[in-house]
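To keep things clear, I will list the structure first and then write my remarks on it.
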Amino acid sequence: MRRLRFVCLLLGTMIGAMAAELSAQAPAVEPKTWRQFNQVFVKVIVPVTDHTPKQDGPAVEAWVAEQLEESGEPEYFAVTDWVPVCDGLLADDIVDNDVWDGRLDGTDRFCPVGGDIPQRKNGRLVVRVAGWLPGGCEANFTLPDEPGSRAVGPVQVVVGEERKPIEYEDQLPYVAIIIAPPPHGRDTSQRETP
């Protein structure tokens, strides 16, 4: 019985001495909720017309060019690089969803454009990119919420509460979207491109 007390006292003293020598560590910081979501990037592409003459801009990726050519678009140019769209559904997120200021060759040709992710549900997400003209022009996409998901689509003039597209005489821009993995362990203040 005395030996057991002596061994317990000795072990307790050793553990206390080791604990006193350890340096204090900061508690583990839980990552913000938004880091768990896949990232969404958009690129604005403008067709060449009399109203929108060709100008130099960022590269248009081969998969985007292929989809534009399948849509019957012979000439186009990108006016933005890949721009991240923040998820406005998350209350702790600072949302800055400016995608493009609407300028071509230094002049205002279109209204500013913004992006939003109004829904993430059942493994899918909705991406809305809106602006271009007063009154309601949008490009809306529903994609699998998986890295590598991508799409290219035209901007449409939409009206009413149901946001139905209507015919418009002039040709409007296109939007390309790509989903990238969450930025695990990275400084998210830096913008990345897919």
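The values are calculated or read from the model by the stated rules, or taken from the named source; none is laboratory data. No experiment lies behind these values; they were computed from the predicted model shown. Don't worry about glycine lacking a Cβ; one is built from the backbone with ideal geometry, like all the others, and counts go over all protein chains shown. Surface areas here come from the heavy atoms of the whole protein model, side chains and all, with no ligands, DNA or RNA. Shrake-Rupley method; radii C 1.70, N 1.55, O 1.52, S 1.80 Å.
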Look through segment 115-134, keep the residues that are touching a Pro at 6+ places or on another chain (Cβ under 7 Å) and open to solvent by 10 Å² or more (accessible area, probe 1.4 Å), and return whichever of them is modelled with the lowest pLDDT.
131
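Under 27 Å from residue 66 (Cβ atoms) and either open to solvent by 80 Å² or more (accessible area, probe 1.4 Å) or modelled with pLDDT under 90 (or both) - does that describe any residue in segment 158-166?
Scanning segment 158-166, I find at least one residue that is under 27 Å from residue 66 (Cβ atoms) and either open to solvent by 80 Å² or more (accessible area, probe 1.4 Å) or modelled with pLDDT under 90 (or both), so the answer is yes.
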Can you find a residue in segment 135-153 that is loosely packed, with under 12 Cβ neighbours inside 10 Å, more than 25 Å from residue 79 (Cα to Cα) and at pLDDT 90 or above?
no
Residue in segment 180-190 that is more than 14 Å from the chain's Cα centre (by Cα), open to solvent by less than 70 Å² (accessible area, probe 1.4 Å), under 24 Å from residue 77 (Cβ atoms) and at pLDDT 65 or above present:
no
If I ask for residues that are in contact (Cβ under 8 Å) with a residue 24 or more places away in the chain and of a type in the set (Lys, Arg), which ones from segment 104-125 would you list?
109, 120
